[in-house]
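Here the structure is laid out as structure tokens; the discussion comes afterwards.
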């Protein structure tokens, strides 16, 4: 498996980063909801601690992915797609990246405005990036929640498009991103 992206498929590093961030996002959603719904307790604090630490890991991985993507050309889309589809695909990916970066940054801003000292995975201190302010904390919570819902909608569209390409159009686009597929040729 080549490390770099090729005209036929995404490279192994791109796929690793894609699926790692996808798994982290699903984990973060679960941890965030569990922590939000839990009564105030040590378990709730632990859930939020994992949510914040994994959120910072997701931010780091998506920034690495963006840097990697800048130096690697994406495999081209099939030439028989309607002209609007590549435009929508590009816009969706840009929007996904913006939301995936905004999500942990808004969480970081919440934590900073709350004045809560935090160490990523109990080791690496996370500096405050906003002044302590209850008003700002609530504003950043609204941004975090709105970003979550926008991300959920865009992710569902992304998954639906991948499944459409795989099951309806049968054009191999999904296979190019799957980790254990050797030869993602058009079916």
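Couple of notes before you dig in:
- Some residue of the range 6-14 being in contact with a helix residue (DSSP H, G or I) (Cβ under 7 Å, 6 or more places away or on another chain), more than 25 Å from residue 152 (Cα to Cα) and surrounded by 13 or more Cβ atoms within 10 Å (Cβ to Cβ): no
- For the range 78-97, filtering for residues that are farther than 19 Å from residue 176 by Cβ and in contact with a helix residue (DSSP H, G or I) (Cβ under 9 Å, 6 or more places away or on another chain) leaves 1.
- The lone criterion from (1) within 19 Å of residue 59 (Cβ to Cβ); (2) part of a helix (DSSP H, G or I) left unmet by residue 122 is number (2).
- Failed condition for residue 162, given (1) touching a helix residue (DSSP H, G or I) at 6+ places or on another chain (Cβ under 6 Å); (2) within 19 Å of residue 91 (Cα to Cα); (3) surrounded by fewer than 16 Cβ atoms within 10 Å (Cβ to Cβ): (1)
- Taking the range 60-77 as the range and being over 18 Å from residue 176 (Cα atoms) and either in contact (Cβ under 8 Å) with a residue 60 or more places away in the chain or in a helix (DSSP H, G or I) (or both) as the test, the residues that pass are 60, 61, 62, 63, 64, 66, 67, 70.
- Close pairs from the range 172-183: first touching a residue at least 12 places away in the same chain (Cβ under 8 Å) and at negative phi, partner outside any loop (DSSP other than H, G, I, E, B) and loosely packed, with under 14 Cβ neighbours inside 10 Å, Cβ under 7 Å, at least 6 apart: 179/19
Bear in mind these aren't lab numbers, they're just calculated from the coordinates by the rules spelled out. A quick note: this is a predicted structure, and the numbers were derived from the prediction, not measured. Cβ: placed from backbone, ideal geometry, glycine included. Neighbour counts: every protein chain shown.
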